[in-house]
Amino acid sequence: KLDIAEHLQTENDIRDFLNEVAATGNESDFIHALSTAARAMGMTEVAKKAGVTRASLYKSLSENGNPRFETISKVTKALGCRLTVT
């Protein structure tokens, strides 16, 4: 089974991946992409950088999660990215 997280090795890889999903997917696709990118970087590291617990991060980015915008923003920044409107 293909795991995209295994192919996201740099911040540029993560940024390109998130940009593509943001351009072609919907909100749930983007949250799933954040989860994939966080796994690629390491959930513990992303949680620490985002200022949330690892368990909270898993729950927020899970299939049934419903993260607040604040969480999405913090995770995005922890991944070395920023949200922009064009």
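The values are calculated or read from the model by the stated rules, or taken from the named source; none is laboratory data. This structure is a prediction, so every number in the text was calculated from the model and none was measured. No Cβ is skipped: glycine too gets one built from the backbone with ideal geometry, and neighbour counts run over all protein chains shown. Accessible surface is based on the protein model in full, side chains and every heavy atom, while ligands, DNA and RNA are left aside. Shrake-Rupley method; radii C 1.70, N 1.55, O 1.52, S 1.80 Å.
Can you give me the convex hull volume of the Cα atoms of segment 1-62, divided per residue and expressed in Å³?
Values: hull volume 5.5 nm³, N = 62.
Given the Cα convex hull of segment 1-62, per-residue volume reads 88 Å³.
Measure off, as a whole percent, the carbon and sulfur share of the 1.4 Å-probe accessible area of the chain, all protein chains present. Walk me through the numbers on the way to the answer.
On the way: 2840 of 5890 Å².
Carbon and sulfur together cover 48 percent of it.
With the chain treated as a Gaussian network of Cα nodes joined by springs under 10 Å, which of 38, 47, 22 yields the largest mean-square fluctuation?
Residue with maximal mean-square fluctuation among 38, 47, 22: 22.
With respect to the cross-link table entries 48/74; 1/74; 1/48, which display a Cα-Cα separation exceeding 19 Å? Write down the numbers at each step before the final one.
Working: 48/74 10 Å; 1/74 30 Å; 1/48 29 Å.
Correct reply: 1/74; 1/48.
Identify all aspartates and glutamates with a Cα-Cα distance to residue 77 below 20 Å; exclude those on the same chain that are fewer than 8 residues away in sequence.
11, 13, 16, 20, 27, 29, 45
From a point 7 Å beyond the Cα of residue 12 in the direction of its Cβ, which residues of segment 31-52 have a backbone N at a distance under 18 Å?
Zone members listed by number: 41.
Evaluate Rg over Rh across segment 44-83, taking Cα atoms for both radii and Kirkwood's formula for Rh.
Result for segment 44-83 is an Rg/Rh of 0.93.
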